[in-house]
Amino acid sequence: MREIKITETVLRDAQQSLIATRMPRSDFEEILETMDKAGYYSLECWGGATFDSCLRYLDEDPWERLRFIRSKCPNTKLQMLLRGQNLLGYHHYSDDTVRAFVRKSVENGIDIIRIFDALNDYTNIKTAVDECIKAGGHAQGTICYTTSPIHTLEKMVELGKELEAMGCHSICVKDMAGIMTPQKAYDLISALKKEVTLPIVLHTHATTGMSQMTYLKAVEAGVDVIDCAISQMSGGTSQPATESTVFALQEMGYEINLDTKVLKTINDHFAPVKKKFLENGLLNPTVLGTSVDGLHYQVPGGMLSNLIAQLTAQNAMDRFEECLIETPKVRADLGYPPLVTPMSQMVGVQAVQNVLLGERYKNIGKEVKAYIRGEYGKAPGTIDADLAAKALNGEAPIQGRYAETLENEMENAKEELAQIANGRYANSVENVLSYTLFSAQAKKFFEDQEEKRINKISFNYTIRKVD
Ligand code: CO
């Protein structure tokens, strides 16, 4: 029977979804060589929030982390998630930064780049896709899956055709909220298989409890690759478990070239890692459960935990229900953006403000204004006219691609970095990219590295005894 390929997400999405991307290299370095022997289609191991987290929390150079994984996994394709013109940051970067970042990602070991735009505005991914292809990488174009009156099956298929026309090597349907039902998966994957020739990947989360049913129907509809997480780090807001998904599909006669003994070794490795995160509180057991709120409110799991954190901080948890109801209304006013980074944060914060200030859009967030001005790309639907008028305040929204209005950034960033930490870090393009994306975190990281380097030298110097 047909072969189904598996991408393992434990090193990126699973740990991002369960433990806020706080897994240090020391938690997985010993198991990488084993993971390389499992037979995965690919290891999703970089990008998304891992880059930010390395610099901000883990005191790790993200590029070094990638090179290390590459050195231990020579036989398995390494995969990353890239937010199009946002790269791994939270606003749009200039094209010189995008091209340099994509090229360096491939040079440092990435094979497959999954490239998405939060609005499915593909003018925002075309530079990254183009550079990925030129650098010899596999460009995986992404359809961000969401439900709304304007996100019809026909619209999703149109997006798939656009990705094929751009030269992408494969298409990922990305259900970041875990709200895709088995029937919707069957319909969408069937339609895509009919209308495009590229391999189709499905990405979902176990949040609402449907994920393995959704994968099964997607497999029946002809999907080529599915994303799973090794069982210790699976379920809840993470991906469904690799082992049980494989077990069920193999019994049905699908060919899956994974070594189940190796999977067990990998899973055994992550058991104490998970235990550690449960004990230190970074893994909250509630994210491992099933939450059907996403089905009723169309609010992804990550947004729910942010919402709870925001309301708790403002001592306003009694307004939770109102905020939940307000969130989809804000989304509709903004033309139904898919609720994925950075749109999910924008919509969530605005909904809370609308509720807590007692008047809708009394205060419009800075990012929401930027979105309405067109700085994040084209809204999928129509933005509410009154809201747009209030936010723009007479200004004209940007026509075309926002990145065209940005000056090149790399030269300036290099000059600034040369002023930091004795200028020792400015000669590597990778470091300049870290600095361009996360200036404050990178500055602190390089200063800390420099301090350690100096301390290390003086520590190593011991005064010789002379007669
Ligand atoms: Co995901």
The whole-number value in µm²/s of the Stokes-Einstein translational diffusion coefficient for region 1-121, with Rh from the Kirkwood sum over alpha carbon pairs at 10 °C and 1.306 mPa s, is 107 µm²/s
So, in Å, what gap is there between the alpha-carbon centers of region 26-51 and region 316-364?
-> 36 Å
Val262 to Tyr90: FRET efficiency via 1/(1 + (r/R0)^6), r the Cβ-Cβ distance, R0 35 Å, to the nearest 0.05?
-> 0.40
Tell me, how many Å apart are the Cα centres for region 92-148 and for region 176-251?
-> 23 Å
In nanometres, what is the gap between the two model label sites at Leu278 and Ala313, each 7 Å from Cα along Cα-to-Cβ?
-> 2.9 nm
15 Å cut-off, amide nitrogen to a point 7 angstrom out along Glu255 Cα→Cβ, residues in region 185-227 | 224-225
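Run through region 291-385 and list the chymotrypsin sites (Phe, Trp or Tyr not before Pro) located in a DSSP loop whose Cβ has at most 15 other Cβ atoms within 10 Å. If you can, show how the numbers build up before the last one.
Values: sites: Tyr297, Phe320, Tyr361, Tyr371, Tyr376; in loops: Tyr361, Tyr376.
Sparse-neighbourhood loop chymotrypsin sites (Phe, Trp or Tyr not before Pro): none present.
Fewest first, what order do Tyr145, Tyr57 take by the number of other Cβ atoms within 10 Å? Don't skip to the answer; put the middle values down first.
Details: Tyr145 26, Tyr57 13.
If I rank by nearby Cβ atoms, fewest first, I get Tyr57, Tyr145.
Quick check: residue separation of Glu416 and Glu33 times 0.36 nm, minus the Cα distance between them. What number comes out in nm?
134.0 nm
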Can you give the FRET efficiency for Glu3 and Ile463, using 1/(1 + (r/R0)^6), R0 = 56 Å, r = Cβ-Cβ distance, to the nearest 0.05?
-> 0.30
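Show me the chymotrypsin sites (Phe, Trp or Tyr not before Pro) within region 407-466 that DSSP assigns to loop and that have at most 16 other Cβ atoms within 10 Å of their Cβ. Intermediate values should be presented prior to the final figure.
Values: sites: Tyr425, Tyr435, Phe438, Phe445, Phe446, Phe459, Tyr461; in loops: Tyr425, Phe438, Tyr461.
Answer in residue order: Tyr461.
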Please check the chain for the longest run free of trypsin sites (Lys or Arg not before Pro) that are loop-located per DSSP (anything but H, G, I, E, B) and have at most 13 other Cβ atoms within 10 Å.
-> 3-361
Just list whichever of Lys161/Lys184; Lys5/Lys193; Lys5/Lys194; Lys37/Lys134 have alpha carbons separated by over 23 Å in the model shown.
-> Lys37/Lys134
In cubic angstrom per residue, the convex hull of region 97-151 built on its Cα atoms measures 70 Å³
Kirkwood hydrodynamic radius for region 276-369: how many Å is it when counted over pairs of different Cα atoms?
-> 14.0 Å
Using eta = 1.002 mPa s and T = 20 °C, Stokes-Einstein with Kirkwood Rh from Cα pairs puts D for region 165-264, in µm² s⁻¹, at 155 µm²/s
Provide Leu81, Leu288 in ascending order of the number of other Cβ atoms located within 10 Å of each residue's Cβ, fewest first.
-> Leu288, Leu81
List the longest stretch of the chain that has no exposed loop site; here a site is one of the GluC sites (Glu not before Pro) assigned by DSSP to anything other than H, G, I, E or B, with at most 13 other Cβ within 10 Å.
-> 1-358
With 5 Å bins from 0: P(r) over region 61-182, alpha-carbon pairs, percent | 2, 11, 21, 22, 19, 13, 8, 3, 1, 0
Counting other C-beta atoms within 10 Å, which of Val349, Val225 has the fewest, and how do the rest follow?
-> Val349, Val225
For Lys77, list long-range residues whose amide hydrogen, built 1.01 Å from N in the peptide plane, is under 5 Å from its own amide hydrogen.
-> Leu43
Starting from the Cα of Asn363, step 7 Å along the direction of its Cβ; do the same at Asp187; then give the gap between the two resulting points in nm.
-> 4.1 nm
Between rounded, prolate and oblate, where does the chain land on the alpha carbon gyration tensor, with a ≥ b ≥ c its root eigenvalues, rounded for a/c under 1.5, else prolate if a/b exceeds b/c?
-> rounded
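None of the figures in this text is laboratory data; all of them are computed from the coordinates on show. These numbers come from a predicted model, not from an experiment. With ideal geometry, Cβ positions are generated from the backbone for all residues, glycine too; neighbour counts draw on all protein chains shown.
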